[in-house]
Ligand code: ADP
């Protein structure tokens with residue numbers, strides 16, 4: 001039941017034509033309290049009200065009354081503006097005053113809220129509001145009072161739901177509504193119902209908290225978050241792009257290497273033929289002009305090969321693929337052999353070559369002599385090129401020594417044209433020459449020093465240069481080398497061809513006809529037997545049919561390339577026949593692959609005939625490493641070589657009688673090759689009884705010549721098969737393996753025979 005308001009009951013409590021819904025008793029609203037001075041309206045009163053407002057604005061109330069529940073006003077101490085104190089007594093019976101006082105009191109409460117405050121009836125009409133509300137709605141309060149609460153919001157329905165919620169629940173908090181003012185002010189409403197003394201709900205008081213700042217802040221936050229998300233997305237995209245760029249770059253590096261590898265093959269292969277045949281023709285009878293022209297062709301070819309090698313070297317260092325050997329070598333020999341190359345040129349230019357080799361340097365050191373050659377060769381070649389009178393001094397000095405290593409300074413000093421201080425900074429960069437004239441006058445590409453620097457620094461060394469225009473230049477290199485036992489066998493030193501060794505049978509696997517012809521010419525000159533196979537498949541067939549001492553294997557071939565063929569020879573045929581790769585491509589990628597598939601060595605095209613001879617002889621004389629056992633041969637070259645034969649048994653049986661031993665060996669050498677041929681032939685003809693006979697005859701010699709018992713087991717397996725023709729698994733390969741081992745045993749026994757013979761004299 002709706003109760004009548006006091007205003008209705010007591011007539012017009014104020015001049016306003018609005019229902020007075022002031023609370024009776026306790027007012028539930030969280031607005032600050034403010035009371036007004038009781039007394040007749042007049043100038044004083046108005047003045048007091050103004051003072052009160054000013055004071056309130058400063059949050060410091062001047063007047064203070066305490067109202068009790070039964071509406072009586074207790075005497076209060078009132079502070080006057082002049083600072084004196086008066087005591088006033090409330091007029092208990094003056095109802096009109098009391099109403100006025102109540103009205104002002106309520107007004108004060110309402111205005112005390114700096115936030116918009118509305119009093120709403122149960123029907124949703126605004127019954128009162130404060131100035132803050134009028135200001136925000138931008139209309140006089142008289143025009144607002146009596147209107148519907150919902151019309152001042154952008155979403156009237158939501159506003160209706162809001163005040164319904166207040167009446168339903170007794171309160172609402174943080175209810176968002178946007179005021180339909182010019183700025184569309186966002187607010188959060190807190191509201192509660194107010195009741196009469198009997199607890200009947202009279203209406204609701206709602207206070208809006210303007211949250212423009214908060215909204216702005218939220219918006220900024222959201223924007224910041226969106227920006228951050230965008231930035232993250234951009235960063236992720238950038239990262240993806242960077243990763244894809246890295247992938248592209250890596251692919252490009254790979255493609256570059258592949259291209260260089262292919263290109264080098266394409267260029268080197270014909271160059272191989274040009275240089276090789278030029279050399280061959282140069283050895284024939286020629287008149288002076290022909291010789292001159294051919295020499296010019298050879299020099300140009302050599303220069304082109306140097307350039308290709310330089311480019312490949314740089315590409316390798318670039319890709320971090322340059323590998324360095326750690327092998328024993330004689331430093332003094334190495335340097336003097338290299339200087340030998342320049343003697344003619346230095347004499348031609350009428351220069352003086354001064355050598356200064358520190359005698360304290362250990363004779364044998366561990367390092368990469370090939371790369372050291374390359375470095376010194378570049379420096380001396382530059383010194384010779386850029387010096388027209390005076391001298392070139394090559395000095396090799398020991399700078400530091402401890403138990404493990406030595407530090408050596410190599411310096412090349414010339415009295416040539418010198419380099420300007422400005423240009424000296426760039427000469428180690430690729431394609432940099434001291435002046436644009438350099439190439440025209442002196443030739444060169446500007447790659448040499450860049451490679452030298454890379455080679456030296458990658459091995460942990462350093463390079464420096466001092467130079468003065470017109471006076472000369474000194475290039476110094478500091479490098480460490482490990483010490484080693486000087487008795488180490490220097491396997492890699494190129495041996496002078498020992499033309500005595502002739503009985504070597506070589507299988508050349510090469511598809512290019514020109515190269516085939518060149519290899520034939522070279523091998524014929526060495527006095528070796530040779531066979532040519534156009535590809536890996538043909539090579540395997542040939543290896544199955546007859547024994548060879550060594551294979552020279554081209555890498556890039558149709559049908560079956562060099563890697564596949566070697567893999568097959570090693571893994572399926574179980575053959576340890578020495579294989580030298582003939583490679584036009586010296587990138588480390590392929591060299592590593594050569595080693596991985598089981599090749600024993602490689603030789604770069606165009607083939608250096610001296611190197612080819614020395615490598616063939618070296619591998620055939622020092623054959624495969626099949627077991628970790630030291631041989632008994634007296635030849636120094638075989639001191640640490642593992643062999644397939646072991647003469648302990650023969651020594652015991654003959655009590656080391658040399659003549660008897662020689663007789664036994666001779667017998668073996670005589671009977672074995674025909675047995676091996678018979679074995680191969682029988683297999684080819686599937687003549688199992690002949691195969692049985694041949695293998696049967698071979699078996700006893702394994703024990704006598706100390707050949708590993710695994711081979712005897714293999715031979716017995718072949719024997720078994722030739723009897724039963726059951727379990728043919730890998731029989732052709734076993735036969736081939738037996739043939740290889742017997743051929744190798746023959747080679748080794750031949751050497752032993754000659755040694756024993758020599759020792760008898
Ligand atoms: P190239 O000799 O093929 O031009 P290098 O990289 O070996 O390339 O040398 C780069 C440049 O450094 C040369 O072109 C030359 O200008 C300068 N230079 C190198 N060595 C000497 C030297 N001993 N005397 C004078 N100038 C030199």
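Taken together, the values in this text are just the output of simple stated rules run on the coordinates, not laboratory data. Computed from a predicted model, the values in this text were never measured in an experiment. No Cβ is skipped: glycine too gets one built from the backbone with ideal geometry, and neighbour counts run over all protein chains shown.
Couple of notes before you dig in:
- Sites residue 293 and residue 425, calculated FRET efficiency, Cβ-Cβ separation with R0 45 Å, nearest 0.05: 0.60
- Additional length obtainable on full extension of the chain from residue 250 to residue 349, 0.36 nm per residue less Cα span: 30.9 nm
- Footprinting exposure proxy for 201, 620 (fewest neighbouring C-beta atoms within 10 Å first): 201, 620
- Full extension of the chain segment joining residue 469 with residue 197 gains 86.5 nm, where the gain is 0.36 nm per residue of separation less the Cα-Cα distance.
- R0 of 60 Å, Cβ-Cβ distance residue 525-residue 241: FRET efficiency to nearest 0.05: 0.50
- Counting other Cβ atoms within 10 Å as a rough exposure proxy, the listed residues 243, 409 run 243, 409 from fewest neighbours to most.
- Measuring r between the beta carbons of residue 402 and residue 659 and using R0 = 56 Å, the FRET efficiency lands at 0.55.
- Net lengthening on full extension, residue 258/residue 168 (0.36 nm per residue, minus Cα-Cα): 24.2 nm
- In this simple spin-label model, placing a label point 7 Å from the Cα along the Cα-to-Cβ direction at both residue 697 and residue 545 gives a separation of 2.3 nm.
- Its residue count N fixes a reference of 2.2 N^0.38 Å for segment 172-237, and the Cα radius of gyration divided by that reference is 1.82.
- Rounded if a/c under 1.5, otherwise prolate or oblate - segment 88-188, Cα gyration tensor axes: prolate
- Global geometry of segment 166-319, whether rounded, prolate or oblate, following the gyration tensor of its Cα atoms and the 1.5 cut on a/c: prolate
- Inter-centroid distance (Cα atoms) of segment 678-717 relative to segment 96-163, Å: 120 Å
- A crude spin-label estimate for the pair residue 458 and residue 122, with each label 7 Å from Cα along the Cβ direction, gives 9.7 nm.
- Global form of segment 288-398, assessed from the alpha-carbon gyration tensor, a/c cut-off 1.5: oblate
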